[in-house]
Amino acid sequence: DVTVTVSGVRIDSGDLVMADDDGIVVVPRAHEDEVLALARERASRESSVLSELLAGESLAAVWERHRVL
């Protein structure tokens, strides 16, 4: 268990590291619960947005309601 630095980003043992096609994020352990709660909330809103768009809602109306696309 050692601290490493990758491209100028410090990563400590226990930090949460997540990656996808859009990039990589490092979440310090001390902020993990807060960040995961926000991510779950965002994913839920995005799911609602998708459902509304598939149901025929306009992009403008969905954006106005959720501010997420």
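Give me the pairs: first residue in the stretch 39-55 and free of Cβ contacts under 8 Å to residues at least 60 places away in the same chain, second residue assigned to a helix (DSSP H, G or I) and of a type in the set (A, V, I, L, M, F, W, C), beta-carbon distance under 6 Å, and six or more apart or on different chains, which are they?
From the stretch 39-55, the pairs are V49/V62; E52/V62; L53/V62.
For residues in the stretch 1-35 being within 25 Å of H66 (Cα to Cα) and in contact (Cβ under 8 Å) with a residue 12 or more places away in the chain, which is nearest to the chain's Cα centre (by Cα)?
My answer is V35.
How many residues does the stretch 9-60 contain that are of a type in the set (A, V, I, L, M, F, W, C) and either outside any helix (DSSP H, G or I) or in contact with a helix residue (DSSP H, G or I) (Cβ under 8 Å, 6 or more places away or on another chain) (or both)?
14
Scan the stretch 3-31 for residues that are surrounded by 13 or more Cβ atoms within 10 Å (Cβ to Cβ) and of a type in the set (G, A, S) and report the count.
From the stretch 3-31, those surrounded by 13 or more Cβ atoms within 10 Å (Cβ to Cβ) are 11-12, 15-16, 25-28; that's our starting set.
From what's left, of a type in the set (G, A, S): none.
Going through the stretch 3-31 one residue at a time, the tally reaches 0.
Just to be sure before I move on: is V68 at pLDDT below 95 and of a type in the set (A, V, I, L, M, F, W, C) in the structure I sent?
So V68 passes the test.
Please go through the stretch 32-69 and give me each residue that is farther than 30 Å from D15 by Cα and surrounded by fewer than 10 Cβ atoms within 10 Å (Cβ to Cβ), ordered by number.
The answer is L54, A55, G56, A60, E64.
The values are calculated or read from the model by the stated rules, or taken from the named source; none is laboratory data. A quick note: this is a predicted structure, and the numbers were derived from the prediction, not measured. A quick note on method: Cβ atoms are made from the backbone with ideal geometry, for glycine too, and the neighbour counts reach across all protein chains shown.
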